[in-house]
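Engineer: Got a structure for you, questions after.
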Amino acid sequence: MTKILPVIMCGGAGTRVWPESRETLPKQFIPLVGERSTFQTTIATLADEAFDRPVVISNADYRFLVTDQLAAIGAAADIVLEPMRRDSAAAVAVAAGIAARRSPQQIVVVLAADHVVRDPQGLVALCKKAAAAAADGLIVTLGVKPDNPATGYGYIRPGERIAGDVAELEAFVEKPDRETAQRYMDAGYLWNSGNFIFRADVMQEEIAHFEPAISEAAEKAIDAGRRDLDFLVLDAEAFARAPKTSIDYAVMEKTRKAAVIEADIGWSDVGNWRAVWELTERDAQGNSVRGNGVVRDSRNVHVRSDEMLTTVVGVDDVVVVTTQDAVLVLGHEHGDNVKQLVDQLKSENRREAGEHKRIFRPWGFYQSVDSGDRHQVKRIVVKPGARLSLQKHFHRAEHWIVVKGTAEVGRDQETLLVHENESVYL
């Protein structure tokens, strides 16, 4: 049997789990649940022999985060870089185009990098079932069996059985209010997981039929793409012509080839801090602490703090997240309002809205330690064997102090060559 080609969508920003998730380090690269990031966990799930080497489609800004996280778990993938965000329809069109260049009959599974599945083997089994239906020309989505009347998900109405566990997909419905969600749940509706299995040529035909501009932009972006190190960089001019829309709106709500398989696999899109709390281990009072935190006389509290001691006393149903430069205190029922908070911070030009104090670069990372009117101190950590440029300035001197590891200045007097992991203060 031909192996399934897994394609991991890895370009989102995840603003609802700010301040840990920001533009410079979004949620798919953060260990929100467990010790690995959701991206790494998704990649590890694909180690089954049913899958081919995965393709990762990500934003150009995240290219080195992707490679670092793959290397950390000993995994490999083909990495495709979007020059700008164009939502999921364009990304799926690219996935189908890349797969079709291997074989028009190639079966593809598209998975999100920022979701959690508690039953990974169950996911693998469902992909195999869906692949058989996809081979017959269906576009199959995984519809998650709901365990509560959630208002943060779209819902799917399944129809008549086609074969085995595969049913017709009668309709997508938008995120409902709680009363409507309960009615959907009672009627057997499923959550829309946003994961799809299809044959490459079938998806290409449907996108070309319903959204020809997206189809044309994706094809030209692939054909005119260029190789940069280990990356395929899509052509920016061509890709920019793709309208921004989701694959649900572009194809799945219009096609007559849609089908659904019910998935009871402990799925969550980890869409807000309440979802993170629900996925973590909790004590008898419903409290969970990750990192340096203490909770007393409280119930249903989730504390996250990697460094600073964070304490909560006499407060119920809250999330408290402490980072190096921001603190979030959030009521459980207001999880979806964090996006509006981040939008406000952006409108006020607050750096914390999108940037962490630690900024990742191809050679490692740097982090601001102290700054003033006439000075700035950064901690720079450089990967073994990497190099970075020394900057020359007319009005000020730049001083480097290696406090750990070994390094030397290159013959050009402008390059710092690193022999071991080290901290450098600038």
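The values are calculated or read from the model by the stated rules, or taken from the named source; none is laboratory data. This structure is a prediction, so every number in the text was calculated from the model and none was measured. Note that each Cβ is placed from the backbone with ideal geometry, even for glycine, and that neighbours are counted across all protein chains shown. We work out accessible area using only protein heavy atoms, side chains counted, and drop any ligands, DNA or RNA first. Shrake-Rupley method; radii C 1.70, N 1.55, O 1.52, S 1.80 Å.
Engineer: Residues to consider are Asp87, Asp78; find the one that is modelled with pLDDT of 95 or more, among the acidic types (Asp, Glu) and open to solvent by 10 Å² or more (accessible area, probe 1.4 Å). Please lay out each step first, then the result.
Structural biologist: Details: Asp87 fails: modelled with pLDDT of 95 or more.
Result of the check over Asp87, Asp78: Asp78.
Engineer: Tally time: how many residues in segment 294-306 are within 27 Å of the chain's Cα centre (by Cα) and over 16 Å from Leu32 (Cα atoms)? So that I can check it myself, show each step before the final result.
Structural biologist: First, the residues of segment 294-306 that are within 27 Å of the chain's Cα centre (by Cα): 300-306.
With the extra rule that they be over 16 Å from Leu32 (Cα atoms), the set shrinks to 300.
Number satisfying all stated conditions: 1.
Engineer: What about Arg304, is it of a type in the set (Lys, Arg) and not in a loop (DSSP other than H, G, I, E, B)? Spell out the reasoning first.
Structural biologist: On the way: of a type in the set (Lys, Arg): yes; not in a loop (DSSP other than H, G, I, E, B): yes.
When the stated conditions are applied, Arg304 passes them.
Engineer: Could you identify the single residue in Lys244, Lys220 that is without any contact (Cβ under 8 Å) to a residue 24 or more places away in the chain and either on the phi > 0 side of the Ramachandran plot or basic (Lys, Arg) (or both)?
Structural biologist: Working: Lys244 fails: without any contact (Cβ under 8 Å) to a residue 24 or more places away in the chain.
From the options Lys244, Lys220, the qualifying one is Lys220.
Engineer: Of the residues that sit in segment 323-354 and are touching a residue at least 24 places away in the same chain (Cβ under 8 Å) and polar (S, T, N, Q), which one is least open to solvent (accessible area, probe 1.4 Å)?
Structural biologist: For segment 323-354, the residue satisfying everything is Thr323.
Engineer: While we're here: Check whether at least one residue in segment 264-271 is in contact with a Lys or Arg (Cβ under 8 Å, 6 or more places away or on another chain), at pLDDT 95 or above, of a type outside the set (A, V, I, L, M) and over 28 Å from Val66 (Cβ atoms), and report yes or no.
Structural biologist: Taking every residue of segment 264-271 in turn, none turns out to be in contact with a Lys or Arg (Cβ under 8 Å, 6 or more places away or on another chain), at pLDDT 95 or above, of a type outside the set (A, V, I, L, M) and over 28 Å from Val66 (Cβ atoms).
Engineer: While we're on this one: Take residues that are under 21 Å from the mean Cα position of the chain (by Cα) and closer than 26 Å to Gln28 by Cα and tell me which of the strands (runs of 3 or more DSSP E) falling wholly in segment 107-210 contain 3 or more. Show your work before the answer.
Structural biologist: Values: elements: 107-112, 139-144, 155-163, 166-173, 190-199.
So the answer is 107-112, 139-144, 190-199.
Engineer: Let me ask you something else. Filter segment 211-234 down to the residues that are open to solvent by less than 50 Å² (accessible area, probe 1.4 Å) and part of a loop (DSSP other than H, G, I, E, B) and list them by number.
Structural biologist: Glu211, Gly225, Leu234
Engineer: Here's something else I'd like to know. Test Asp297 against the criterion of being open to solvent by 40 Å² or more (accessible area, probe 1.4 Å) and not assigned by the TED database to the domain that holds Gly137, and give yes or no. Lay out the reasoning, then the answer.
Structural biologist: Numbers: open to solvent by 40 Å² or more (accessible area, probe 1.4 Å): yes; not assigned by the TED database to the domain that holds Gly137: yes.
Yes: the conditions hold for Asp297.
Engineer: Taking the conditions exactly as written (of a type in the set (Gly, Ala, Ser), closer than 30 Å to Lys145 by Cβ, surrounded by 17 or more Cβ atoms within 10 Å (Cβ to Cβ) and within 23 Å of the chain's Cα centre (by Cα)), does Gly364 satisfy them or not? Step through it out loud before you land on a result.
Structural biologist: Details: of a type in the set (Gly, Ala, Ser): yes; closer than 30 Å to Lys145 by Cβ: no; surrounded by 17 or more Cβ atoms within 10 Å (Cβ to Cβ): yes; within 23 Å of the chain's Cα centre (by Cα): yes.
Here the answer is no, as Gly364 does not meet what is asked.
Engineer: Kindly provide the set of residues from segment 128-150 that are surrounded by fewer than 14 Cβ atoms within 10 Å (Cβ to Cβ) and either among the polar types (S, T, N, Q) or not assigned by the TED database to the domain that holds Ala99 (or both), ordered by number.
Structural biologist: The answer is Asn148, and nothing else.
Engineer: Continuing with this model, one more query. Which residues, counting only those in segment 1-59, are open to solvent by 30 Å² or more (accessible area, probe 1.4 Å) and of a type in the set (Lys, Arg)?
Structural biologist: The answer is Lys3, Arg16, Arg36, Arg53.
Engineer: Hey, another quick one. Which ranges mark the strands (runs of 3 or more DSSP E) fully within segment 317-364 that have 2 or more residues being of a type in the set (Lys, Arg)? Before the answer, list the steps.
Structural biologist: Working: elements: 318-322, 327-331, 358-361.
Passing ranges, in order: 358-361.
Per-residue answers, yes or no, for (1) in a loop (DSSP other than H, G, I, E, B); (2) in contact with a Cys (Cβ under 8 Å, 6 or more places away or on another chain); (3) hydroxyl-bearing (Ser, Thr, Tyr):
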residue	(1), (2), (3)
Arg241	yes, no, no
Tyr249	no, no, yes
Glu278	no, no, no
Ala284	yes, no, no
Arg290	no, no, no
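Engineer: Another one. Would you call Glu420 modelled with pLDDT of 95 or more and farther than 27 Å from Val289 by Cβ?
Structural biologist: Values: modelled with pLDDT of 95 or more: no; farther than 27 Å from Val289 by Cβ: yes.
It is false that Glu420 is modelled with pLDDT of 95 or more and farther than 27 Å from Val289 by Cβ.
Engineer: Let me ask something else. Can you tell me which condition Val173 does not meet? The list is (1) touching a Cys at 6+ places or on another chain (Cβ under 8 Å); (2) β-branched (Val, Ile, Thr); (3) at pLDDT below 95, and all the others hold.
Structural biologist: Tallying (1) touching a Cys at 6+ places or on another chain (Cβ under 8 Å); (2) β-branched (Val, Ile, Thr); (3) at pLDDT below 95, Val173 fails exactly one: (1).
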